[in-house]
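All remarks here apply to the structure that follows.
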Amino acid sequence: MIDLKQFEVWFVTGSQHMYGPEALSQVAANAQEVATTLGAAPEIPVRIVFKPVIIRPEAATALCQEANNTPACLGLITWCHTFSPSKMWINGLKQLRKPLLHLHTQHNRDIPWSKIDMDFMNLNQAAHGDREHGFIMSRMRMNRKVVVGFWKDASVWGRIGAWCRAAAAWADWQGARFCRFGDNMREVAVTEGDKVSAQMRFGYSVNGYGVGDLVNKVRAVTDAEIDALVAEYASAYKVSAELRKSGSNSLREAARIEIGMRTFLQEGGFKGFTDSFEDLHGLVQLPGVAVQRLMAEGYGFGAEGDWKTSALVRAMKVMASGMKGGTSFMEDYTYHLDPNGMQVLGAHMLEICPTIAAGKPSIEAHPLGIGGKADPVRLVFDTPAGPALNASLIDMGNRFRLLVNEVKVVKPPKPLPKLPVARAVWIPEPNLAVSAQAWILAGGAHHTGFSQAVTTEMLEDFAEIADIELVVIDRDTKIRDYKQQLRSAELFYGLRHGFMS
Ligand code: MN
């Protein structure tokens, strides 16, 4: 769906002119080798582009300006093989509007104990050159990721790869358009938020469209298009007996809605959308399978007008591109509170992405119970066991907070034959009692982006790039410390963003 090879990260080596041409050409050759190796690493999903070694302030400034103006460039990886005095970087870094990863590595892994001489010492100075480089970024209060280790280590590639995925999601958000069919579910607070602040901070715009305009697209769908999609449903999913009955019009109406929605989203150049069961005028069903399949194609989605979750799901899908494991809109739905094993059943009324399906989903129509419309068609499935996470992006009024909880998806302890929706059952870290307490104290939403591919590290890098608060609930969470962390964040972000954001 989203090809990360369209993006590039520039590998930039800092030095200075005083080393002389011979040493500088060795630095360039070594840096080229590092860049080529990173570019070939399976953990790094984007292209790595080697840039000439920076030895003068003018070059550093020009490079940062060029990065800003190159849409395919996600950001910079910088490394100081030798000492690169940092005052020469100030003007460039001041202008840099792209993410930065500082790779603290060394061309040689081992000290050549028996051969080391002053020429070697002169050439391999990252141990102190990168500290000078780090100082100026701290002095300038720059957000960035620092990765330490040997450049041939897979663990280093993994950390760089996570950042590349976060930077790709960030680039994808810049100028992105999200479409809202209808407004938020009436009276709901957590799905609200400041769309102007979001655009200033995140770079995407969110605008509303009349559901009547969508209905026009749905009505324009031809019978031949519907025939083709219904045939696709029949081959991709197990069709329920009820839907197979002749005379059942539900499947055709679901297909009509899917085609109309896709047309609307494609024509508008949208990367995600929201809908609302309270605003379906002219649609005969709440979109179910349509939303599920559009999510599987890479669209972000949030139900009940939840545009923040829609954008977050899109970002997580970009991060997860090409990885094993799916990503979906999700909701904490109901609990299993057995003290011997508390679990969460996650689901939604309909809209769970089939990228997280274990096996072939079934396609079924059932009454919804709310909304007063025809029985909506939806895909029903379980989610495979394994590690996953939930993330929630909330508007705290003076800032956005990204809340992450690592979870373990488990096989449902018993079959759920009467539950007509896609679902996942999980045990949150460190356990349900602490997780839910922490989540609620942080104001986390009931809606989340759920992923079996995206990692906490990617979301941490993403929050760093976006310059927003990150709160993680994991196996180390202790409520007393956690509450103090939330209080400290109030102070920090109050000072950092002040009255101007
Ligand atoms: Mn909901």
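Quick notes
- For the chain, DSSP calls about 50 percent of its internal beta bridges antiparallel.
- For region 122-134, putting each phi into the Karplus relation 6.51 cos²θ - 1.76 cosθ + 1.60 with θ = phi - 60° gives couplings of 5, 8, 10, 10, 4, 3, 10, x, 6, 6, 4, 5, x Hz, in residue order, rounded to whole numbers and with x for Gly and Pro.
- Cross-link pairs exceeding 32 Å between alpha carbons, from the set 324/483; 51/408; 238/271; 152/308: 324/483; 51/408; 152/308.
- Within the accessible area of region 360-451, the carbon and sulfur atoms contribute 62%, probe 1.4 Å, all protein chains present.
- log10 of Debye I(q)/I(0), alpha-carbon scatterers only, for region 370-493 at 0.16 Å⁻¹: -0.84
- Panel values: region 39-171, Kirkwood radius from alpha carbon pairs, Stokes-Einstein at 4 °C and 1.567 mPa s, translational diffusion coefficient 83 µm²/s.
- Note on region 216-345: Kirkwood hydrodynamic radius from all Cα pairs is 16.5 Å, rounded to one decimal.
- Cα-based shape type of region 19-72, given that a ≥ b ≥ c are square roots of the gyration tensor eigenvalues and the cut on a/c is 1.5: oblate
- Dimensionless Rg/Rh of region 299-371 - Kirkwood Rh, Rg from C-alpha atoms: 1.01
- Mean projected area (nm²) of the alpha-carbon convex hull when the chain is viewed from all directions: 26.2
- Under 5 Å, built H, 5+ apart or other chain: amide partners of residue 473: 404, 405, 406
- When the alpha carbon gyration tensor of region 314-354 is reduced to an equivalent ellipsoid, the three semi-axes, largest first, read 26, 13, 7 Å.
- Between region 82-155 and region 172-235, the alpha-carbon center distance in angstrom: 45
- Pairwise alpha-carbon distances in region 88-147 exceed 15 Å for 58% of all pairs.
- Average accessible surface area per residue within region 80-209, 1.4 Å rolling probe, Å²: 49
- Probe 1.4 Å, protein heavy atoms only - accessible area per residue of region 1-53 in square angstrom: 44
- Over 26 Å [Cα-Cα, region 5-115], rounded percent: 18
- Solvent-accessible heavy-atom area per residue, rounded to whole Å², over region 412-483 at 1.4 Å: 43
- Ligands, DNA and RNA left out, the accessible area of region 165-245 computed with a 1.4 Å probe is 49% carbon and sulfur.
The values are calculated or read from the model by the stated rules, or taken from the named source; none is laboratory data. Please read these numbers as outputs of a predicted model, since none were measured by experiment. The accessibility values were calculated without ligands, DNA or RNA, using every heavy atom of the protein model including side chains. Shrake-Rupley method; radii C 1.70, N 1.55, O 1.52, S 1.80 Å.
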